[in-house]
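Input: a single structure, listed below in structure tokens.
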Ligand code: GLU
């Protein structure tokens, strides 16, 4: 087998599905609409685009560029600030674009609302070449048509009323300022084939296609026109997008033909299904990137999991760092069948990264914002020379195997970070089959020997406290439980001697004394 090299003059198309002969640069894009929070489905699609350009293409010795384009032409769904948040969350996630609204590039601007004249010019070009026509139908007329169709049990759709208006008359009405849209003059006969890289040819009879709107009354283009013109002008070679666009894809192929342009390669990736079927939505749990970040998921873990929701490397490998994905991803292994979102598995992968992949310092710096938000440490603790940093690092080392997400940190780390424990149930201090008096005696004796106990030597501390239990006639389990509760306010903690080491002598002394007071205050 020939190994591709960067100086390969004309990489054969077979190297990469959909690559036109002679093309040396793979150009892909993520084209989100700023309509609210970013859904993980969009990000999964963006991820595959990124991996194709920055991973697979480069491995094949090709150039690879990933573009970010903001598709904000639907003014009814436009949400202020959504684009800013979008960039922020995509950057957090780890996608890096070579061209985009913030970084610029040869095809700027990358925000569609700043490109209106381009789309308007293209729409008028289609009218001039008899591939499109102005439509003057009012919303009322369109609603009446729809109602009549419903009454006759016919599929809804535009009845091509304005298609037959003579061009001269239509031009006069446009010139007179009559409100209108521009519709595509979809061929009425024949069929259109969409060649999908992972699905094969999808054939549609043209008569089933509507005369879709390309330019709206407000002068803004629809998605059909805008994305297609931009994909062409921005020299996109592969369009990886959600399967919800399959029904529109024949229209797009026809539009490319009407412009006399060659379409890019299409790859329609499946939607994400909810557990139990159907579309993944709010009622199943988090669905937006912002929610997952908020809930303490790591971008690497999310990337790993989203990659697997429609792509596999082999039947067994589940852990892929971003670098692994760039090394291993190939469009050939994308699946055409939908995958079900499994929150449990995502948690497992997240925990795996927390436990086995991140370095201790990396993990420490990532739990800090969650602890700061819970008010447990200072907001500036992220600096390694901040006094809280070392404490958080130590607690993180002790507790990381209990964290499924970063958001679990405050709950588990609380007793190790605060000076004084929040209130807890004093009854917990009295282990089963003991009396308050026995527990109190145990804690008093522990407090008494604390000055001579080296808590940093866990093994020695254990030997000493086991001996103490025996001296007091208590079971070790009973003494240890009373100490654990006094030290943490809880019956569950990591190993007792690790716990005591991290809490440290001073805090332990205070907490033992406080527990003893609580027991003493209990009615006999
Ligand atoms: N703006 C479209 C969306 O957000 C982009 C679809 C595409 O990738 O072409 O759904």
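The values are calculated or read from the model by the stated rules, or taken from the named source; none is laboratory data. Just so we're clear, the structure is a prediction, and the values are computed from it rather than from any experiment. Counting neighbours? That spans all protein chains shown, and the Cβs are built from the backbone with ideal geometry, glycine included.
When residue 216 is tested against (1) under 16 Å from residue 195 (Cβ atoms); (2) more than 24 Å from the chain's Cα centre (by Cα), only condition (1) is not met.
Among the residues of segment 237-260, the one identified as within 24 Å of the chain's Cα centre (by Cα), more than 9 Å from the ligand (Cβ to nearest atom) and buried (at least 21 other Cβ atoms within 10 Å of the Cβ) is 238. Checking the stated criteria, residue 177 turns out not to satisfy the condition of being part of a helix (DSSP H, G or I) and exposed (fewer than 13 other Cβ atoms within 10 Å of the Cβ).
Among the residues of segment 38-62, what is the count of those that are in a loop (DSSP other than H, G, I, E, B) and within 11 Å of the ligand (Cβ to nearest atom)?
Residues of segment 38-62 that are in a loop (DSSP other than H, G, I, E, B), as a first pass: 38, 60-62.
Going one step further and asking which of them are within 11 Å of the ligand (Cβ to nearest atom), we end up with 38.
The total comes to 1.
Residues that are at pLDDT 95 or above, more than 30 Å from residue 166 (Cβ to Cβ) and assigned to a helix (DSSP H, G or I): does segment 94-104 have at least one? Please lay out each step first, then the result.
Quick first cut of segment 94-104, residues at pLDDT 95 or above only: 94-104.
Remaining after also requiring more than 30 Å from residue 166 (Cβ to Cβ): 94-104.
Now restrict to residues that are assigned to a helix (DSSP H, G or I): none.
No; the residues of segment 94-104 include none that is at pLDDT 95 or above, more than 30 Å from residue 166 (Cβ to Cβ) and assigned to a helix (DSSP H, G or I).
Looking only at segment 478-493, residues that are outside any loop (DSSP other than H, G, I, E, B) and under 15 Å from residue 462 (Cβ atoms) come to 6 in all. If the condition is being more than 15 Å from residue 240 (Cα to Cα) and assigned to a loop (DSSP other than H, G, I, E, B), then segment 63-93 contributes 71, 72, 73, 74, 75, 76, 77, 78, 79, 80, 81.
Among the residues of segment 500-508, is there at least one that is more than 17 Å from residue 417 (Cβ to Cβ) and surrounded by 14 or more Cβ atoms within 10 Å (Cβ to Cβ)?
No, that holds for no residue.
Among the residues of segment 291-302, is any in contact (Cβ under 8 Å) with a residue 40 or more places away in the chain, within 16 Å of the ligand (Cβ to nearest atom) and under 26 Å from residue 75 (Cα atoms)?
Start the filter on segment 291-302 by keeping residues that are in contact (Cβ under 8 Å) with a residue 40 or more places away in the chain, which leaves 291-302.
If we keep only those that are within 16 Å of the ligand (Cβ to nearest atom) too, we end up with none.
The answer is no; no qualifying residue exists.
Does segment 275-284 contain at least one residue that is within 12 Å of the ligand (Cβ to nearest atom) and surrounded by fewer than 22 Cβ atoms within 10 Å (Cβ to Cβ)? Within segment 275-284 (the criterion being within 12 Å of the ligand (Cβ to nearest atom) and surrounded by fewer than 22 Cβ atoms within 10 Å (Cβ to Cβ)), the answer is no, since none of the residues qualifies.
Of all the numbered requirements in (1) over 21 Å from residue 270 (Cβ atoms); (2) within 16 Å of the ligand (Cβ to nearest atom); (3) not in a loop (DSSP other than H, G, I, E, B), residue 29 misses one, and that requirement is (1). Among the residues of this structure, residue 17 does not count as one that is within 16 Å of the ligand (Cβ to nearest atom), modelled with pLDDT of 90 or more and surrounded by 15 or more Cβ atoms within 10 Å (Cβ to Cβ).
Report, by residue number, each residue of segment 221-236 that is out of contact with any strand residue (DSSP E or B) (no Cβ under 7 Å at 6 or more places or on another chain) and within 11 Å of the ligand (Cβ to nearest atom).
Of everything in segment 221-236, those that are out of contact with any strand residue (DSSP E or B) (no Cβ under 7 Å at 6 or more places or on another chain) and within 11 Å of the ligand (Cβ to nearest atom) turn out to be 223, 226, 227, 228, 230.
Scoring residue 348 on the criteria (1) part of a helix (DSSP H, G or I); (2) touching a helix residue (DSSP H, G or I) at 6+ places or on another chain (Cβ under 8 Å); (3) surrounded by fewer than 20 Cβ atoms within 10 Å (Cβ to Cβ) leaves a single failure, condition (2).
Being surrounded by fewer than 17 Cβ atoms within 10 Å (Cβ to Cβ), part of a loop (DSSP other than H, G, I, E, B) and free of Cβ contacts under 8 Å to residues at least 24 places away in the same chain is true for just one of 390, 336, 379. Which residue is that?
Working: 390 fails: part of a loop (DSSP other than H, G, I, E, B); 336 fails: free of Cβ contacts under 8 Å to residues at least 24 places away in the same chain.
Unique residue meeting the criteria: 379.
Residue 156 passes every criterion in (1) at pLDDT below 95; (2) more than 41 Å from the chain's Cα centre (by Cα) apart from (2).
In segment 432-448, what count of residues is obtained for those that are surrounded by fewer than 13 Cβ atoms within 10 Å (Cβ to Cβ) and in a helix (DSSP H, G or I)?
Residues that pass the stated criteria total 1.
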